[in-house]
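Working notes for the structure below.
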């Protein structure tokens, strides 16, 4: 009962805040994170084309190679309703040089995405992309 009351109060406060924002002329645009969606955002050309683009354009920074730095950088961004990618940020860091390169290559993806959909309508959604840096033994500079 207490949980229901707390949820009702929180919901009423959210509605009141939205009404206040609307009166001020502010528009809150919702971004969906972990929601059920009919279709996830997709790269035009599919996952294989996206992987090929990243492999072709990702450059392992020399300084990171020399140090033998490897790892997985996670880049988070929003896929807008129109398919444009926006609001990029590193959410899991490995090394500043690797982070910068991962961010550069994800931002450079030239094509628009196919937006996620709920009930046939496009929605804004956060998308997380892992960029993995792995050195082959012969790539390690000494």
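The values are calculated or read from the model by the stated rules, or taken from the named source; none is laboratory data. Computed from a prediction, not measured in an experiment: that's the story for all the values here. Ideal geometry is used to build each Cβ from the backbone, glycine not excepted, and the neighbour counts take in all protein chains shown.
Count, please, the residues in the range 94-112 that happen to be within 24 Å of residue 42 (Cα to Cα) and at pLDDT 95 or above. Walk me through it before giving the result.
Of the residues in the range 94-112, the ones within 24 Å of residue 42 (Cα to Cα) are 99-112.
Going one step further and asking which of them are at pLDDT 95 or above, we end up with 99-108.
Total satisfying the criteria: 10.
Can you tell me which residue is modelled with the highest pLDDT among those in the range 115-139 that are surrounded by fewer than 16 Cβ atoms within 10 Å (Cβ to Cβ) and in contact with a helix residue (DSSP H, G or I) (Cβ under 7 Å, 6 or more places away or on another chain)? Break it down stepwise before answering.
Narrowing the range 115-139 to residues surrounded by fewer than 16 Cβ atoms within 10 Å (Cβ to Cβ): 118-121, 128, 130, 132, 134-139.
Okay, now just the ones that are also in contact with a helix residue (DSSP H, G or I) (Cβ under 7 Å, 6 or more places away or on another chain), so 135, 139.
Details: 135: 93, 139: 57.
Ranking the candidates gives 135 first.
Where residues in the range 44-67 are more than 19 Å from residue 113 (Cα to Cα) and touching a residue at least 60 places away in the same chain (Cβ under 8 Å), which of them is surrounded by the most Cβ atoms within 10 Å (Cβ to Cβ)?
64
Let me confirm something: among 106, 90, which residue is touching a strand residue (DSSP E or B) at 6+ places or on another chain (Cβ under 7 Å) and without any contact (Cβ under 8 Å) to a residue 24 or more places away in the chain?
Numbers: 106 fails: without any contact (Cβ under 8 Å) to a residue 24 or more places away in the chain.
Within the list 106, 90, the selection yields 90.
Residue 41 passes all but one of (1) modelled with pLDDT of 95 or more; (2) crowded, with 16+ Cβ neighbours inside 10 Å; which number fails?
(1)
Report yes if some residue within the range 68-80 is free of Cβ contacts under 8 Å to residues at least 60 places away in the same chain and over 18 Å from the mean Cα position of the chain (by Cα); otherwise report no.
Within the range 68-80, the first condition is being free of Cβ contacts under 8 Å to residues at least 60 places away in the same chain, and the residues that meet it are 74-80.
In the following step, the residues that additionally are over 18 Å from the mean Cα position of the chain (by Cα) were identified as none.
No, there is no match, as no residue in the range 68-80 is free of Cβ contacts under 8 Å to residues at least 60 places away in the same chain and over 18 Å from the mean Cα position of the chain (by Cα).
With the requirement that a residue be within 17 Å of residue 61 (Cβ to Cβ) and more than 13 Å from the chain's Cα centre (by Cα), what does the range 81-104 give you?
93, 94, 95, 96, 97, 98, 99, 100, 101, 104
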